[in-house]
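The values are calculated or read from the model by the stated rules, or taken from the named source; none is laboratory data. Given the structure is predicted, the values throughout are model-derived calculations rather than measurements. All Cβ positions, glycine included, derive from the backbone under ideal geometry; neighbour counts span all protein chains shown.
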Amino acid sequence: MTAFLFVLTILLILAYGGLSWHFIGNWKGVASLPRKPRQEHTLLGILLLLHAYVVMAPLAEGALVSLGVGRALSVVVWMMLVIYWTCSFFYRVEGLQLFMMPLATATLAFALAFPGEHIIHDLGNPAFALHVLVSIVAYSLFAIAALLSLLMLFVEKALHNKRWLSLVRQLPPLLSLEKMMFQVIGIGFLLLTLSLLTGIVFSEEIFGKAVSLSHKTVFSVISWLLFAALLLGRKFKGWRGKIAIRWTLAGFAALLLAYIGSKIVLELVLHRS
């Protein structure tokens, strides 16, 4: 990492941390500055452009790119923020920033501490570039779906606990969270399907060998099956509430094990790239 990227990453950590402090402070009623949604939205857009440079610059260092566990998480969370920022034009996502800003702060700090040294293939290959792009967006969408499912659990329990009512008032209604979750899962499922298909069809061109039953492939397929079952259950059985939440978290857990989990074990536990 260059000195400029290091400094920019530190500034982004401080900026996201400041926004976290601002949003949490307003929720608790102890903030020094009042909420100004339009200015906050504009500021977040600027931060996302700078964040994009931080996560994309290492990918343009050469024909081969480094995408270790820290950088991988940073890319996924950046994409989550982009989706959140874009959705805020069309949906009421007020309150989600209480969780998104601290998440951005933590992942950037983690990426700085554990950048990793995993080398992936040439992004000049259109097939591989498509596979990587679709996979990252799919991961990001399912991560948002998992976050929404956890918020649904929290809201459901908080409605019976007056201690958290002030936070619940900051969040979208339970039905709105559920609707957004299924919309996100629907798009994510299509992209995950495309990711698996491109991985199978272009495997020999991308990796120089036919697709094999690696742990990544197995867990990705398990995740695809779980989300397919959830969407079918929603359509034909009307699944919702805790049933939908359990299937969503199970599908995301399998997807997490398929890629991020293996990278964490290899890089942080076994110290292998």
>> Filter segment 171-199 down to the residues that are surrounded by 15 or more Cβ atoms within 10 Å (Cβ to Cβ) and outside any helix (DSSP H, G or I) and list them by number.
In response: Leu171, Pro172
> Under 6 Å by Cβ, and 6 or more places apart or on different chains, what pairs join a residue from segment 230-254 that is surrounded by fewer than 16 Cβ atoms within 10 Å (Cβ to Cβ) with one that is not in a helix (DSSP H, G or I)?
Replying inline: Gly233/Trp239
>> I'm checking my understanding of the structure. Among residues of segment 213-229 that are modelled with pLDDT under 90 and either touching a strand residue (DSSP E or B) at 6+ places or on another chain (Cβ under 6 Å) or among the hydroxyl-bearing types (Ser, Thr, Tyr) (or both), which one is surrounded by the fewest Cβ atoms within 10 Å (Cβ to Cβ)?
In response: Ser214
>> Step by step: first the residues of segment 138-160, then only those that are over 19 Å from Ile243 (Cβ atoms) and touching a helix residue (DSSP H, G or I) at 6+ places or on another chain (Cβ under 9 Å), then the one that is surrounded by the fewest Cβ atoms within 10 Å (Cβ to Cβ). Which residue is that?
In response: Ala158
>> What pairs come out if I take residues in segment 9-28 that are outside the structural domain of Ala109 (by TED's automatic domain parsing) and within 19 Å of Leu108 (Cα to Cα) and pair them with residues that are in a helix (DSSP H, G or I) and of a type in the set (Phe, Trp, Tyr) whose C-beta lies under 6 Å away, six or more apart or interchain?
In response: none
>> Please count how many residues of segment 155-189 are closer than 28 Å to Trp224 by Cβ, free of Cβ contacts under 8 Å to residues at least 12 places away in the same chain and hydrophobic (A, V, I, L, M, F, W, C).
In response: 1
>> Of everything in segment 219-240, what is within 22 Å of the chain's Cα centre (by Cα) and within 17 Å of Leu177 (Cβ to Cβ)? Give them in sequence order.
In response: Leu230
>> I'd like to verify a number: residues in segment 58-94 that are in a helix (DSSP H, G or I) and either at pLDDT 75 or above or surrounded by 15 or more Cβ atoms within 10 Å (Cβ to Cβ) (or both), how many?
In response: 21
>> I need every pair where a residue in segment 200-224 that is of a type in the set (A, V, I, L, M) and in a loop (DSSP other than H, G, I, E, B) has its Cβ under 8 Å from the Cβ of a residue that is at pLDDT 70 or above and surrounded by fewer than 13 Cβ atoms within 10 Å (Cβ to Cβ), sequence separation at least 6 or different chains.
In response: Val211/Ile200
